[in-house]
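The values are calculated or read from the model by the stated rules, or taken from the named source; none is laboratory data. Please read all numbers here as calculations on a predicted model, not as lab measurements. Reconstructed Cβ throughout: ideal geometry from the backbone, glycine too, with neighbour counts over all protein chains shown. What goes into the accessible areas is simple: the full protein's heavy atoms, side chains included, and nothing from ligands, DNA or RNA. Shrake-Rupley method; radii C 1.70, N 1.55, O 1.52, S 1.80 Å.
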Amino acid sequence: MTTPGGVGRVTIEADGGSRGNPGPAGYGAVVLDDAGSVLAERREAIGTATNNVAEYRGLIAGLEAARELGAAEVAVRMDSKLVIEQMSGRWKVKHPDMIPLQRRAAEVTRTFDSVNWTWIPRAENARADRLANEAMDGEPALLDGSAVSEAPSAPTTTERPAWQAVTGAATRLILLRHGQTPLSVEKRYSGRGNPDLTDVGRAQAAAAAERVARLGPIDAIVSSPLARARDTAEAVAARVGVSVHVLDDLTETDFGTWEGLTFAEVSARDGDAHRRWMGDTSIAPPDGESFDAVRARVERALATVRREHAGQTVVVVSHVTPIKTLLQLGLDVGPSILYRLHLDLASVSVVDFYDDDAASVRLVNDTSFLGD
């Protein structure tokens, strides 16, 4: 079924390369319509990586471009036998560098009605190969049909959009979710428990620190008191040279007796209560905390940040619910965003809050820096 305003059926050609394997790497992707006309092109240098990582990054970029175009049916053509066979399910994914990339690609494929996977000879993949080589040659990233110096990137200015009357400089919040923990690997409710970051989580924190540093001078860093957030914040602090200040109100939801359980385990044990909680922000888990209570303390944290860092750029390191709540406040929308918005581990979002309480959400759930 074609998304309203979408293009229906598209073909993706994607490629990636590494000069050294591992070495300086880049990817390229092209989205074509049925007539063979180019609808979108993507290219980006991704630092030091292997050929396989770069090829997966190219695939992901092409899939995301197709999704943005509203495609319903997708035909993927690549000269990487490994990527095609793994994505089609015929080969297992064993290498630790490939597992998160394959999962990420699979998540995007589930947004389409159908995806067809075809291996092609390298000679038939010239367009994507050209873009990948341009990226490795140092050409600017190309992510929306035009070249940009980095992408995706929040604007470096805090000016108001043209349709909003200017009443003062914005306080910019760079919202960073913490990195991976053992509970997040197993998709368990992780609220007031205090697991440490995994090795992957620490690598995610380091990559996020580099991403945040590219968003401009950082004036302050505030963090949830929980270890997974503190450790992520300290990685940013070490990169940008700004100390971390803890705000207790930024801690994650208290899931009460559901802490450490999976969605399925909670549904089996407390089915009725779980269903009510999933649809009503005023309801708390047993011995836990409602989303309304979380919002009240997040609003206090926001007021503190805006009072103490007015007109500055502040990194806020926290958890899913507080970050979703800050985005909800920025967008001035209802509570359904808490249930419908997905935030990845170590993702970056940006929202500007102005003196008159207007706001502008600039970036949501950027994970482009986590591919390798």
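Structure notes:
- Yes/no for Ile174 being closer than 19 Å to Val350 by Cα, in contact with a strand residue (DSSP E or B) (Cβ under 8 Å, 6 or more places away or on another chain) and open to solvent by less than 10 Å² (accessible area, probe 1.4 Å): yes
- Residue in the stretch 143-159 that is modelled with pLDDT of 85 or more, assigned to a loop (DSSP other than H, G, I, E, B) and either open to solvent by 50 Å² or more (accessible area, probe 1.4 Å) or in contact with a helix residue (DSSP H, G or I) (Cβ under 8 Å, 6 or more places away or on another chain) (or both) present: no
- Residue in the stretch 202-215 that is aliphatic (A, V, I, L, M) and over 21 Å from the mean Cα position of the chain (by Cα) present: no
- Consider the stretch 59-107 and keep the residues that are charged (D, E, K, R) and over 22 Å from the mean Cα position of the chain (by Cα). The one that is farthest from Gly8 (Cα to Cα) is Lys94.
- Residue that is more than 17 Å from Val348 (Cβ to Cβ) and either open to solvent by less than 30 Å² (accessible area, probe 1.4 Å) or in contact with a strand residue (DSSP E or B) (Cβ under 6 Å, 6 or more places away or on another chain) (or both), where the choices are Ala227, Ala220, Ala205: Ala227
- From Glu85, Glu55, residue being touching a helix residue (DSSP H, G or I) at 6+ places or on another chain (Cβ under 7 Å) and of a type in the set (D, E, K, R): Glu55
- Applying a threshold of 7 Å to beta carbon distances and a minimum spacing of six or more residues, or different chains, the list of pairs starting in the stretch 330-343 at a residue that is hydroxyl-bearing (Ser, Thr, Tyr) and ending at one that is open to solvent by 40 Å² or more (accessible area, probe 1.4 Å) reads Tyr339/Met278.
- Pick from the stretch 6-29, criterion at pLDDT below 95 and of a type in the set (A, V, I, L, M), ranking: farthest from Val53 (Cα to Cα): Val7
- Given (1) open to solvent by 30 Å² or more (accessible area, probe 1.4 Å); (2) among the hydrophobic types (A, V, I, L, M, F, W, C); (3) part of a helix (DSSP H, G or I), index of the condition Ile323 fails: (1)
- Reported count of residues in the stretch 88-122, each being free of Cβ contacts under 8 Å to residues at least 24 places away in the same chain, farther than 14 Å from Glu55 by Cα and either in contact with a helix residue (DSSP H, G or I) (Cβ under 8 Å, 6 or more places away or on another chain) or of a type in the set (Val, Ile, Thr) (or both), is 4.
- Candidates are the residues of the stretch 344-372 that are touching a residue at least 60 places away in the same chain (Cβ under 8 Å) and surrounded by fewer than 18 Cβ atoms within 10 Å (Cβ to Cβ); the one that is nearest to Ile174 (Cα to Cα) is Leu363.
- Within the stretch 258-286, the set of residues being among the polar types (S, T, N, Q) and either at pLDDT 95 or above or in contact with a helix residue (DSSP H, G or I) (Cβ under 8 Å, 6 or more places away or on another chain) (or both) comprises Ser267, Thr281, Ser282.
- Taken over the stretch 254-279, the criterion of being open to solvent by 30 Å² or more (accessible area, probe 1.4 Å), closer than 25 Å to Ser224 by Cβ and assigned to a loop (DSSP other than H, G, I, E, B) is satisfied by Asp254, Glu259, Leu261.
- Residue check for Glu68: over 20 Å from Gly26 (Cβ atoms) and at pLDDT below 90: yes
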